[in-house]
1. When you scan region 90-121, how many residues do you find that are within 14 Å of the chain's Cα centre (by Cα), open to solvent by 40 Å² or more (accessible area, probe 1.4 Å) and not aromatic (Phe, Trp, Tyr)?
2. Tell me which residues, restricted to region 1-18, are polar (S, T, N, Q) and either surrounded by 15 or more Cβ atoms within 10 Å (Cβ to Cβ) or in a strand (DSSP E or B) (or both).
3. I'm checking my understanding of the structure. Among residues of region 69-81 that are among the aliphatic types (A, V, I, L, M) and over 20 Å from GLN44 (Cβ atoms), which one is surrounded by the fewest Cβ atoms within 10 Å (Cβ to Cβ)?
4. PRO41 is checked against (1) open to solvent by 20 Å² or more (accessible area, probe 1.4 Å); (2) closer than 19 Å to ARG108 by Cβ; (3) modelled with pLDDT under 95 and fails just one. What number does that condition carry?
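The values are calculated or read from the model by the stated rules, or taken from the named source; none is laboratory data. Since the structure is predicted, the reported quantities are computational estimates derived from the model, not experimental observations. Every residue, glycine as well, gets a Cβ built from its backbone with ideal geometry; the counts of neighbours run over all protein chains shown. For the accessible areas, the whole protein counts, side chains as well, though only heavy atoms, and no ligand, DNA or RNA atoms are used. Shrake-Rupley method; radii C 1.70, N 1.55, O 1.52, S 1.80 Å.
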Amino acid sequence: QVQVVESGGGLVQPGGSLRLSCAASGSFFRIDVVGWYRQAPGKQRELVALMHNGGSINYADSVKGRFTISRNNAENTVDLQMNSLNPEDTAVYYCNAQARIGFSTPSRDYWGRGTQVTVSS
């Protein structure tokens, strides 16, 4: 089983910055993909940033140039640096890990419980 825990959310003023962290723990062979998603009130969950094991990264158009995803494979952590935040970034942010329990087992999704980010003056 894999546990995923986010931290670092909070209240920030427009134009400010926050850094979210996510730690994966438990018994697994490898994490193939890590990502951050968000869900604003009344909206569907959407992808924010995704990092594959080989290093390729995808960002939502709305956060390109403002958000940066980074990963520490040795510690099984992934961070999301968020700069130039605006009220439209307000949402619950979820960390996702696509992990393999064993060498030959397929990846499956593991989600954290989310951390609230509120951008408001």
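1. 4
2. Of all residues in region 1-18, those polar (S, T, N, Q) come to 1, 3, 7, 13, 17.
Across region 1-18, the qualifying residues are GLN3, SER7.
3. Residues of region 69-81 that are among the aliphatic types (A, V, I, L, M), as a first pass: 69, 74, 78, 80.
With the extra rule that they be over 20 Å from GLN44 (Cβ atoms), the set shrinks to 69, 74, 78.
Details: ILE69: 21, ALA74: 6, VAL78: 26.
Residue satisfying both the conditions and the ranking: ALA74.
4. For PRO41, the failing item is (2).
Rundown of residues vs (1) aromatic (Phe, Trp, Tyr); (2) farther than 28 Å from VAL119 by Cβ; (3) open to solvent by less than 50 Å² (accessible area, probe 1.4 Å), yes/no style:
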residue	(1), (2), (3)
ALA24	no, no, yes
PHE28	yes, yes, yes
VAL34	no, no, yes
GLU46	no, no, no
ILE57	no, no, no
ALA60	no, no, yes
PHE67	yes, no, yes
